[in-house]
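The values are calculated or read from the model by the stated rules, or taken from the named source; none is laboratory data. This structure is a prediction, so every number in the text was calculated from the model and none was measured. Don't worry about glycine lacking a Cβ; one is built from the backbone with ideal geometry, like all the others, and counts go over all protein chains shown. Only protein heavy atoms, including side chains, enter the accessible area calculation; ligands, DNA and RNA are left aside. Shrake-Rupley method; radii C 1.70, N 1.55, O 1.52, S 1.80 Å.
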Amino acid sequence: GKSGYDHFMLKEIHEQPRALRQCLRGRVDELGGQVELDELAGVRPTTVQFVACGTSYHAALYGAELFREAGVPAQAFLASEYVTSPPPIGDALVVGVTQSGETADTLSALREARQRGARTLALTNVVGSTVARECDHTLYIRAGPEIGVAASKTFASQLAALNLFAFAATDDHDREAIGALRDLPSTVQEVIDDSTAASVAEAYHDADAYFFIGRGLNYPVALEGALKLKEITYRHAEGFAAGELKHGPLALVTDNSPVIAITTGDGELARKTVNNVKEVEARDAPVIAVTDGQSDIERYADHVLTIPETQPRTAAVLANVQLQLLAYHTADQLGRSIDKPRNLAKSVTVE
Ligand code: F6R
């Protein structure tokens, strides 16, 4: 049942600390500052290609960035496009990210890769799923069952599992980053407990469109925030790389199209995103900032959704929790069918 929540999606958003704890359990050696994944013993890819769809594709974009940060060439592909025009594979490990393990496009992309001689890895939630049976290796995200059609806790668990995978496969022993990952269940809990997303949703549930912007690891978070919002509210929402806004999309920005800007840290990325926010503010667009308070974005924002200060990798997960709640409360105020949005199915088994 829904355990007292109005919707499974809200229940599953609240279950994220537990889902993350399950994902991390026994896999992080806290004292040694290292990640141990028995199922991936000896897997040290020199190149990684991720294939996935929808929300899982956003996780894949994030995963590819983690590998590139460690100096390993990595790229994320939409599974349907990977099949349409397969890239050169070389010695790449091809990783299918699919919570259900049954998505036809993703299974086809992995079959295509295998046919060309690639080794494959499944990152999935479902034990015994088709993807787990067909791939050379499987890493389970252990999120527990998800009933809501819109992915929430499985996305958070995918990001955590991708961190584990990247730490283990690149022999990364960064104690601070590993510690932040270990603490993720409790920091996610903090974000859920302190979120003011419901009142922000109240202010904007009548907007014409919603634009989400972010850079680096926050770019896939922007894409995911927009997908979640459009899926369950039926409102127009788009995610952009913050730097792209001025190359066209800015023409769409009005005083009734809130711009949700995700920026964490106090570095170059934050400074540039704040500049992009100034551009939309000059067009009178309402600005909702998702921030850890390290930049001065609050000065240009009408509303702020705050997350605790943490490492960039974990900040992306925390920012996403705020966007899940923003989408959920907007849809709830509009009276939408949140757990079963029109035209959508939980797992898509046709290409
Ligand atoms: C969005 C959503 C979909 C799925 C996509 C892939 O909330 O759930 O975009 O992410 O259909 O599904 P899986 O991960 O099962 O391959």
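I'd like to check something: does region 58-65 contain any residue that is open to solvent by less than 50 Å² (accessible area, probe 1.4 Å), within 21 Å of A345 (Cα to Cα), in contact with a Leu (Cβ under 7 Å, 6 or more places away or on another chain) and not acidic (D, E)?
Yes: one or more hits.
For region 299-328, which positions are open to solvent by 40 Å² or more (accessible area, probe 1.4 Å) and part of a helix (DSSP H, G or I)?
Within region 299-328, R299, P312 qualify.
Return the residues of region 175-228 that are part of a helix (DSSP H, G or I) and among the charged types (D, E, K, R); say none if nothing qualifies.
Hits for region 175-228 are R175, E176, R182, E190, D193, D194, E202, E224, K228.
Would you mention how many residues in region 222-253 are touching a Ser or Thr at 6+ places or on another chain (Cβ under 7 Å) and either farther than 21 Å from A316 by Cα or within 16 Å of the ligand (Cβ to nearest atom) (or both)?
Here the count works out to 4.
Does F167 satisfy the criteria of being out of contact with any Leu (no Cβ under 7 Å at 6 or more places or on another chain), open to solvent by less than 20 Å² (accessible area, probe 1.4 Å) and away from the ligand (no atom under 11 Å from the Cβ)? Can you show your working first?
Values: out of contact with any Leu (no Cβ under 7 Å at 6 or more places or on another chain): yes; open to solvent by less than 20 Å² (accessible area, probe 1.4 Å): yes; away from the ligand (no atom under 11 Å from the Cβ): yes.
Yes; evaluated as a whole, the condition is true for this residue.
Report the residue count in region 229-270 for those that are assigned to a helix (DSSP H, G or I), under 19 Å from V304 (Cβ atoms) and modelled with pLDDT under 95.
Residues flagged as assigned to a helix (DSSP H, G or I), under 19 Å from V304 (Cβ atoms) and modelled with pLDDT under 95 within region 229-270 amount to 2.
Name the residue that is nearest to the ligand (Cβ to nearest atom), counting only residues in region 19-69 that are in contact with a helix residue (DSSP H, G or I) (Cβ under 9 Å, 6 or more places away or on another chain), over 20 Å from G216 (Cβ atoms) and in a helix (DSSP H, G or I).
This residue is G54.
How many of the residues making up region 94-152 are on the phi > 0 side of the Ramachandran plot and either crowded, with 24+ Cβ neighbours inside 10 Å or basic (K, R) (or both)?
Count: 2.
Looking at A315, A261, which is the one that is under 16 Å from the mean Cα position of the chain (by Cα), farther than 23 Å from Q158 by Cβ and away from the ligand (no atom under 16 Å from the Cβ)?
Going through A315, A261 in turn, the sole match is A261.
From the list T98, T106, T120, T130, exactly one residue is at pLDDT 95 or above, of a type in the set (S, T, N, Q) and more than 12 Å from the ligand (Cβ to nearest atom). Which is it?
One residue alone meets the criteria, T120.
Assess whether G248 counts as being open to solvent by less than 50 Å² (accessible area, probe 1.4 Å) and at positive phi. Steps first, please.
On the way: open to solvent by less than 50 Å² (accessible area, probe 1.4 Å): yes; at positive phi: yes.
For G248, the condition - open to solvent by less than 50 Å² (accessible area, probe 1.4 Å) and at positive phi - is met.
Tell me whether region 70-81 contains one or more residues that are in contact with a Cys (Cβ under 6 Å, 6 or more places away or on another chain), within 16 Å of the ligand (Cβ to nearest atom) and under 18 Å from T138 (Cβ atoms).
yes
Restricting to region 277-291, count the residues that are closer than 14 Å to L252 by Cα and open to solvent by less than 10 Å² (accessible area, probe 1.4 Å). I'd like the intermediate steps shown before the answer.
If we filter region 277-291 for residues that are closer than 14 Å to L252 by Cα, which is where we start, we get 279-286.
Checking the rest, the ones that are also open to solvent by less than 10 Å² (accessible area, probe 1.4 Å) come to 280, 285.
The qualifying residues number 2.
Anything in region 1-13 that is surrounded by fewer than 18 Cβ atoms within 10 Å (Cβ to Cβ) and either in contact (Cβ under 8 Å) with a residue 40 or more places away in the chain or assigned to a helix (DSSP H, G or I) (or both)? List them, or say none.
Of the residues in region 1-13, the ones surrounded by fewer than 18 Cβ atoms within 10 Å (Cβ to Cβ) are 1-6.
D6, the sole residue that qualifies.
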